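Just below is one structure, and these are the notes that go with it.
The values are calculated or read from the model by the stated rules, or taken from the named source; none is laboratory data. Nothing here was measured: the structure is a model prediction, and the numbers come from that model. Neighbour counts are summed over all protein chains in view; Cβ atoms, including those assigned to glycine, are modelled from backbone coordinates with ideal geometry. We work out accessible area using only protein heavy atoms, side chains counted, and drop any ligands, DNA or RNA first. Shrake-Rupley method; radii C 1.70, N 1.55, O 1.52, S 1.80 Å.
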Amino acid sequence: MSHPDPALVQVRSLADHPMVDAGPNALRMVAPGAVTAGRFGLVEYRLGPQASGAAPHYHQTFSESFYVLSGEVTLYAGGSWQPYRPGDFALAPEFGVHGFRNDSDEPASFLILFTPGIAREQFFAEMAELRRSGRRPGPEEMTAFYARHDQVMVEE
């Protein structure tokens, strides 16, 4: 009996994907699209207490799923903000309006799964740098930034 090539399995140690500080929040690119050959992208996201995350928005070319690991994450889904706890899951398909934040006094963490595995890590890296630097880009610069990363912001 022959076996598939064992070299096809990829393992990334924790050192391969360190946490990146993003102000009161932090994130880890567990499996970016470059590693998964574009099949999916996986991010671990940590929100500090009472921390903002992403305002309501949607994507045209990829879906985004959320799985709460710890704490309480407030997700925008179905037109309103609701708290979700460990084990809760949400799927925002293409054009599904969603957002996230932490309204609690405790830290929270969750996984974000992107399919297909677009180069979303660049969006998070740029956003983390903005938060770290404290720089506040003007509306035109933010509109261009969001357009470059297929993120369409919507009003609540």
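Please verify whether segment 30-50 includes one or more residues that are part of a strand (DSSP E or B) and more than 27 Å from Asp103 (Cα to Cα). Within segment 30-50, one or more residues are part of a strand (DSSP E or B) and more than 27 Å from Asp103 (Cα to Cα).
Residues that are β-branched (Val, Ile, Thr), at pLDDT 85 or above and open to solvent by less than 60 Å² (accessible area, probe 1.4 Å) within segment 112-144 comprise Ile112, Thr115, listed in sequence order.
With respect to Phe114, is the statement that it is under 21 Å from Phe40 (Cα atoms), in contact with a Lys or Arg (Cβ under 7 Å, 6 or more places away or on another chain) and part of a strand (DSSP E or B) true?
On the way: under 21 Å from Phe40 (Cα atoms): yes; in contact with a Lys or Arg (Cβ under 7 Å, 6 or more places away or on another chain): yes; part of a strand (DSSP E or B): yes.
Spelling it out, Phe114 is indeed under 21 Å from Phe40 (Cα atoms), in contact with a Lys or Arg (Cβ under 7 Å, 6 or more places away or on another chain) and part of a strand (DSSP E or B).
Please specify each residue of segment 95-111 satisfying the condition of being surrounded by fewer than 17 Cβ atoms within 10 Å (Cβ to Cβ) and in contact with a Gly (Cβ under 6 Å, 6 or more places away or on another chain). The one that is surrounded by fewer than 17 Cβ atoms within 10 Å (Cβ to Cβ) and in contact with a Gly (Cβ under 6 Å, 6 or more places away or on another chain): Glu106.
What number of residues within segment 15-41 satisfy the criterion of being open to solvent by less than 40 Å² (accessible area, probe 1.4 Å) and either modelled with pLDDT of 90 or more or at negative phi (or both)? Can you show your working first?
Filtering segment 15-41 for residues open to solvent by less than 40 Å² (accessible area, probe 1.4 Å) gives 17, 22-23, 25-33, 36, 38, 41.
After this cut, where a residue has to be either modelled with pLDDT of 90 or more or at negative phi (or both) as well, the list is 17, 22, 25-33, 36, 38, 41.
Of the residues in segment 15-41, 14 are open to solvent by less than 40 Å² (accessible area, probe 1.4 Å) and either modelled with pLDDT of 90 or more or at negative phi (or both).
Scanning segment 74-94 for residues that are open to solvent by 80 Å² or more (accessible area, probe 1.4 Å), farther than 13 Å from Tyr58 by Cβ and among the hydrophobic types (A, V, I, L, M, F, W, C) yields one hit, Phe89. In segment 145-156, the residue that is modelled with the lowest pLDDT out of those that are open to solvent by 80 Å² or more (accessible area, probe 1.4 Å) and in a loop (DSSP other than H, G, I, E, B) is Glu156.
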